[in-house]
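What follows is a set of notes on a single structure, which appears directly below.
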Amino acid sequence: MLAGIARDIDNVVRRPPTRPALRTQFQVVALLVREEKARVIADESLSAAKRSQELKRLDGIATVLAKIAVRDTSLLQLLGEDARVSEAARAYKATVMRAGGLEPPEEPEPEPRPEPTSGAENRVIPRSVIQRQLANPFLAPDFEAAAERAAAKPRRLAGWELLEPLFQSFERAATGQPACMELPDPRPVPLPAGRELMPHQAKVVTAAARGHRTFLLADEPGLGKTAQALLAAQAADAYPLLVVVPNVVKTNWAHEVSMWTPLRQATVVHGDGEEVDAFADVVIVNYDILDRHVGWLGDLGFRGMVVDEAHFIKNKSSQRSQHVLALSEKIRTRTARPLMMALTGTPLINDIEDFRAIWQFLGWIDDKQPLGKLMTALEDSGLTPAEPGFYAAARSAVIDQGIVRRRKADVVADIPARRVADLPVELDGAVARSIRAAEEVLARRLVERYRAALQARGDDLATNRVDVELARRVAAAELKDSSEKSGGENVFTMVRRIGQAKAGLAADYAAQLARNVGKVVFFARHVDVMDQAEQTFADRGITYASIRGDQTTRVRDKNVKAFTEDPDVSIVVCSLMAAGVGLNLQVASNLVLAELSWTAAEQTQAIDRIHRIGQSEPVTAWRIIAAQTIDSKIAELIDAKSGLAARALDGVVAEDTSSTDVQLEALVGLLTDALAREGVV
């Protein structure tokens, strides 16, 4: 019987995508094979020949399952010893066992979710938080919160199991269209000078302004989820606002706060939070250190919470998921209608049960039943899970709670055909300290050269005005020495070290993109950066191809074909020099530039590998920039001198600049910044 089910699964999985019901069948067969194998081994009544025969049959089924998992690698996670077994899987397992003449054992009652305790001994309370608590010790809860929860008790549906039918509704009542609530027509949104909101973004902000307070914002990457969340918080006056994000985008969130809501102060939690500003409007913390800060974060009095890359909490048993859920519950206890937003580019219906924790974070469900307005909508439908019409009604009810899913193709009129999006990242640890020290050494050497030149021509060293022409000559001399000499710190070695330091962060972001939108092109300048990125992808189980300068034409063509034609190859790692021209990689519409070029032309050539005739989707190039380093200065110079922004956004042809110009001006900037710190302007 198990062999027959396995063969059926094998036939269906050849025609992706893999449905949740098929995933359930796959997991149940694997569980039963594992249990039956253990039973056969322990059964002393079996002869050696009979035991060997039974084990051989079970191994045959296991081999079929392994081949299935190779075709759809997402099934591998269901084979783990710690893989979650859903209620649907338990029910199907019991059905299979009864059909096979076995009586399923009684399942134990699920244990209640424990309060997050791991790491409690490592929790900290920053000094700034203590100061805020002393300044406002009487932070009272909003008692409307309890009243609103009490208002939606199950009546007609009391006694029905509703959560599993809710999840199943996204399969049984699927329409083939992205799940998206009805959004209002966009209204004008107050924006800082020079900022413009696209119509699809303005619709979400308008919905928040009209009172909608929970959103599962699942737009594809590149459609501006961060700006939508920040402006929705402003429209809802959801301050202070807590933002939980992956480490790679933590600095970018602070940057986006300054861009879209400049009147609001953001603070980023690093390490033990010694530099955190507890009086800030927006508190940004990454998942990795949440366990240290969950205590004081829960008591700060947030009126809104945003969880970025929300698929990170899909495993409810993980500590980070438990911390996020505990924080969201504390916020709802204090505030009747807080703004709660879960951001993820992951498609909604790959495995809808992955969204159980997200729905709970948003307050739509708890461990046992739907809550609040969702329960009211199900009651008002007049249907029960025993009636076919229930599933369509349930799916609509969930979507109306605030699911927003737009693809690039859906809003193609709103966005440019191609654009460059900068992603600032914060370097930390010993590598970051060494890079800053190297910049200081280079800056001091430039200042010494500048002052020596002033002294040689008899100028007053105490002058407080920078001689720009002299600064350019000093920078040119340094650049010439850097080009002619090997060894020592110079602008080229420093940029290479920054690229090495960014490699892991850039690879992390590329992996997130690949998970969210499919194929991604990853560009780097240096071989060691490519090596580090490829190792990251290999560690994550992500299949990639590689295009390098030392490859033969045959190997290169084979790797290009693997990326463009094999659905399992998610990322192609390319050398800027070797793959920047002559390739057609338009199967992807997202590109990561892990290292900056010295000219905009080189970057544009890389972007043109996917922005070509025949590309059906808008193209986004994600430029990874190391904040507070010379990397930021180089990016500014490329944009300012070569019109990169105009070219990327509007197709404007601007005069390009040479790499020497950018290198020279980067050194001039380093010198003038160092002189400014000494009071010379």
Give me the distance in nm between label points sitting 7 Å out from Cα along the Cα-to-Cβ direction at T660 and K561, one decimal.
-> 4.4
Pick the calculated Rg/Rh (Cα atoms, Kirkwood Rh) for this structure from (i) 0.95; (ii) 1.09; (iii) 1.01?
-> (iii)
Gyration tensor verdict on the stretch 174-251 (Cα atoms; rounded if a/c is under 1.5, prolate if a/b is larger than b/c, oblate otherwise) = rounded
Set K408/K519; K330/K368; K408/K558 screened for pairs whose C-alpha atoms are more than 23 Å apart | K408/K558
Fully extended, how many nm does the chain gain between V468 and R84 (0.36 nm per residue separation, minus their Cα-Cα distance)?
-> 131.8 nm
Where labels lie 7 Å past Cα in the beta-carbon direction, separation of R123 and A386 in nm = 4.6
Treating the angle as unsigned and between 0 and 90°, give the value, to the nearest 10°, between the Cα long axis of helix 659-677 and the longest Cα principal axis of the chain.
-> 80
Which distance in nm do the two modelled labels at D288 and A336 give, with both placed 7 Å along the Cα-to-Cβ direction?
-> 4.2
At most 16 other Cβ atoms within 10 Å and a DSSP loop assignment: could you name the trypsin sites (Lys or Arg not before Pro) in the stretch 173-253 that fit?
-> R195, R210
Folded to 0 to 90 degrees: helix 199-209 orientation relative to the chain principal axis, Cα = 70
Give me the angle, in degrees from 0 to 90, between the Cα long axis of helix 163-172 and the longest principal axis of the Cα atoms of the chain, rounded to the nearest 10.
-> 80
Rounded to 0.05, the calculated FRET efficiency for the beta carbons of A158 and E196 at R₀ = 60 Å is 0.75
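What number, in percent, do you get for the relative contact order of the stretch 201-315 if the mean sequence gap of Cα pairs under 8 Å and at least 6 apart is divided by its residue count?
Values: 154 pairs, mean separation 33.6, N = 115.
Relative contact order for the stretch 201-315 comes out at 29 percent.
Taking 0.36 nm per residue of sequence separation and subtracting the Cα-Cα distance, how much length would be gained by fully extending the chain between E182 and S258, in nm to one decimal?
24.4 nm
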For the stretch 170-265, listing chymotrypsin sites (Phe, Trp or Tyr not before Pro) in a DSSP loop whose Cβ sees at most 13 other Cβ atoms within 10 Å gives none
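Mean separation of Cα pairs under 8 Å and 6+ residues apart, divided by the residue count of the chain: what relative contact order is that in percent?
13
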What is the dipole size for the chain, taken about its Cα centre, with +1 at each Lys and Arg Cβ and -1 at each Asp and Glu Cβ, in debye to the nearest 20?
-> 940
Report the local net charge at V129: Lys and Arg +1, Asp and Glu -1, summed over other residues whose C-beta lies under 13 Å from its C-beta.
-> -1
Stretched out fully, how many nm does the piece from A538 to D459 gain, at 0.36 nm a residue minus the Cα gap?
-> 22.6 nm
Excluding residues fewer than 8 positions from K502 in its own chain, the aspartates and glutamates with Cα under 12 Å of it are E426, D428, D528, E595, D631
At R0 = 35 Å, FRET efficiency that the Cβ-Cβ distance of R172 and R34 yields, to 0.05 = 0.75
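None of the figures in this text is laboratory data; all of them are computed from the coordinates on show. Keep in mind that what you see is a predicted model, and the values were worked out from it rather than measured. Using ideal geometry, Cβ is built from the backbone for each residue, glycine included, and neighbour counts are taken over all protein chains shown.
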